[in-house]
């Protein structure tokens, strides 16, 4: 039997630790992934200037003093048209049900769209605490912030409003402090040294997909996915084989580039990020194939945690 003083210490330690699940939601390209990556200090969610880059709810974990904050970065909200796009948006709303607290993040330098207003009104269906986070304040005049805040809160009364610049990490500490105060579930849900529950292979695919968005323009990135074909993890070296699937033959040529120059750029940029994440040498090989129906494959949807509903 353990000594009484040790039992008391363990009991107090358990009580002092708490957790809270936070869902980050908002319009496409409002800065959700940038906020998550800045908070965690790790490359967890892909970041791109293009909209609709996040395709699933990624969980990032922050141990903030005695509180473990589990973040869910959801796909950006937009007017979905295809089956795959509708699954992405439905996934975003489904993640709200799993959260204790909602961050509604919006780019304050842009006007609310009619779709944004519909989303805000829809929030009333969720009995959740919610923070309004106005991002990119470095691009907004201070006198405009109050006006923006009043307009948004007229559609849904948020518990608190925070003004941040995710890019510059301005205002994030105040946001996290208040998030800690909202935590009311005892204990931690994940080990102390874990910062994401995303499988390593999927994380690597997301990194490569980010580089496709950053190096290839127009509609090509939206019609592409990355799948892992091989994985050999040794003590000092990680060998990864990936295939980029596109929907059109000419898209394959665009990603390859002249004499393979473009895919070499993508692979190099991806490898640099992966070496920082895994802290070891990375050998990354990339191939490109055409599959016109990749976005109709139920196995791919399930792998990303997306649900395809029969319509």
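The values are calculated or read from the model by the stated rules, or taken from the named source; none is laboratory data. Quick caveat: nothing in here was measured; it's all calculated off a predicted structure. As a convention, Cβ positions derive from the backbone with ideal geometry for all residues, glycine included, and neighbour counts pool all protein chains shown.
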If you go through the stretch 133-161, how many residues are in contact with a helix residue (DSSP H, G or I) (Cβ under 6 Å, 6 or more places away or on another chain) and assigned to a helix (DSSP H, G or I)? 1
Could you identify the single residue in 309, 289, 262 that is modelled with pLDDT of 85 or more, exposed (fewer than 12 other Cβ atoms within 10 Å of the Cβ) and not assigned by TED's automatic domain parsing to the domain that holds residue 40? 289
What number of residues in the stretch 80-132 are over 27 Å from residue 185 (Cα atoms), assigned to a loop (DSSP other than H, G, I, E, B) and at pLDDT below 75? 3
